[in-house]
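Working notes for the structure below.
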Amino acid sequence: MDRRRFMQLSALAGLSASLPQLARAAFAPSPAHGWRTFEVVTRIEPVATDTDVTVWIPLPSVEQPDWIRVLGNEWSGNAARAGIAVDPVYGSRMLVAQWLKGQGVPELEVVSRVSTRDRALDLSSPGKVADLDEATRQLYTRATELLPTDGIVRDTALDATRGAKTDMERARALYDWVCDRTERNPKTRGCGLGDIRSMLVSGNLSGKCADLNALFVGMARSVGLPARDVYGIRVADSRFGYKSLGKSGDISKAQHCRAEVWLSGFGWVPVDPADVRKVVLEEKPGLTLKDDVVVAAREKLFGAWEMNWLAYNFGHDVALPGSAGPTLPFLMYPQGETAGGRFDSLDPGAFSYSIKSREITA
């Protein structure tokens, strides 16, 4: 098979090996744990058909020197044509590959390498952080198709933040509102859709990360706080022993989105109320928000992330270049289509793709 290297950034020296597991209740992400390097391999083998086949593979697109660095991407396979496309609004990068009618069984392997470091902000007092530029502020306060910022969304956010006097207090009130009032629904397909108006109108505040964290993001935007979803995938087990907050090896179904909110004096603050609800549901039977293992995660997941997770992009309403299908609410899963329609990206077996991760310690 032809092999083409389409992006290679310089490797980073001094990357630390993974640290030993700590006690589960001591959930304490910290940059002091050091940098880790992960390799993620996505293999695509869509069924050969009597028409052209096109796939779109999300690539790591988030470069933040404090917590994630993209080291490179490579691909190999028998696609007739392939190349990188970039979403013009959010900068989401993807590999687009196409096989022509009658070409044979499609094969594609994409290898991505990233270095990550835990995030943990000191929220006790603001520091010297440059103001958010106006274009970025407008981008992350505007409505999207599934994240309206008016009507019931704004009304709910105003009620949730009543009495809050600062942006920090408003953001914390919204985080607590999502933690207290939502539930993780194990029957939700994939990560959910993030249709927050429908959730609020129906009163059904259950779902998965793309639903629950979208509630936080949409309501934050509705009261003027810049906020964004960050779409990615888990790449390693939790160093803190939380079985619900990590995945290694076969990560084909380990996609997970997180959220950030911009606070003056602090910058982009990481949050993840959806993972609080995941701990409640999955860590062990019968947990409530009052159990120590949940309290520990909830305390840290406003202001910290364990970076056993790879960030793909911030994109909403993503139009796949060259696709005849509908716009995506977000790009977190491999996508594919033929003239007969789009594949089910939430069914890796039928679509025939797999994603595997490993930590590079040498």
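The values are calculated or read from the model by the stated rules, or taken from the named source; none is laboratory data. No experiment lies behind these values; they were computed from the predicted model shown. For neighbour counting, all protein chains shown are included, and Cβ atoms are generated from backbone atoms with ideal geometry for every residue, glycine included. For the accessible areas, the whole protein counts, side chains as well, though only heavy atoms, and no ligand, DNA or RNA atoms are used. Shrake-Rupley method; radii C 1.70, N 1.55, O 1.52, S 1.80 Å.
Some observations on this one:
- Long-range HN-HN contacts of VAL269 with modeled amide H, under 5 Å: VAL261, TRP262, LEU263
- Kirkwood hydrodynamic radius (C-alpha pairs) into Stokes-Einstein, the chain, 25 °C and 0.890 mPa s, D in µm²/s: 117 µm²/s
- Across the stretch 114-258, the mean sequence separation of Cα contacts (distance under 8 Å, 6 or more residues apart), normalised by length, yields a relative contact order of 24 percent.
- Environment charge at ARG170 (Cβ cut-off 13 Å; Lys +1, Arg +1, Asp -1, Glu -1): +1
- DSSP-assigned coil residues among trypsin sites (Lys or Arg not before Pro) in the stretch 157-220, each with at most 12 further Cβ atoms within 10 Å: ARG162, LYS165, LYS187, ARG189
- Share of carbon and sulfur in the accessible area of the stretch 92-191 stands at 46%, probe radius 1.4 Å.
- Cβ-Cβ FRET estimate between ASP155 and ALA324, R0 fixed at 45 Å, reported to 0.05: 0.75
- For a paramagnetic label modelled on ALA350 (point 7 Å from Cα along Cα→Cβ), amide N atoms under 20 Å away belong, within the stretch 154-191, to 186-191.
- Kirkwood hydrodynamic radius over Cα pairs of the stretch 190-322, then Stokes diffusion coefficient at 4 °C and 1.567 mPa s, in µm²/s: 83 µm²/s
- Length gained on full extension, VAL41 to VAL201, computed as 0.36 nm times the residue gap minus the Cα-Cα distance: 53.6 nm.
- Whole-percent carbon and sulfur share, accessible surface of the stretch 273-316, 1.4 Å: 51 percent
- Highest average first, the peptides 91-99, 137-145 ordered by how many other beta carbon atoms sit within 10 Å of their residues are 91-99, 137-145.
- Mean ellipticity per residue at 222 nm, deg cm²/dmol - from DSSP H runs of n ≥ 4 across the chain, formula -39500 (n - 2.57): -6000 deg cm²/dmol
- Reciprocal of mean inverse Cα separation for the stretch 265-362 (Kirkwood radius, Å): 17.1 Å
- Under 25 Å from LYS128, Cα to Cα: lysines that are on another chain or at least 8 residues apart: LYS165, LYS300
- Residues of the stretch 233-260 with an amide N closer than 19 Å to a point placed 7 Å from the Cα of ALA32 along the Cα-to-Cβ direction: 239-241.
- Contour minus Cα-Cα distance for VAL111 and LYS165 (0.36 nm per residue): 14.7 nm
- Given a 1.4 Å probe and the protein chains as shown, VAL105 ends up with an accessible area of around 90 Å².
- In order along the stretch 338-355, phi translates into HN-Hα couplings of 10, 4, x, x, 8, 5, 7, 5, 8, 10, x, x, 6, 6, 6, 9, 9, 10 Hz, rounded to whole numbers, per the Karplus curve 6.51 cos²θ - 1.76 cosθ + 1.60 with θ = phi - 60° and x for Gly and Pro.
- Maximal additional length on extending the ASP131-LEU281 stretch stands at 50.2 nm, based on 0.36 nm per residue less the C-alpha distance.
- Accessible area per residue in Å² at 1.4 Å probe, computed on the stretch 61-175: 49 Å²
- Normalised by the number of residues in the chain, the mean separation of alpha-carbon contacts (under 8 Å, six or more apart) gives a relative contact order of 25 percent.
- Residues ASP131, ASP167, ordered by accessible area of protein heavy atoms at a 1.4 angstrom probe radius and largest first, appear as ASP131, ASP167.
- Taken per residue, the accessible surface of the stretch 201-265 reaches 23 Å², heavy atoms only and a 1.4 Å probe.
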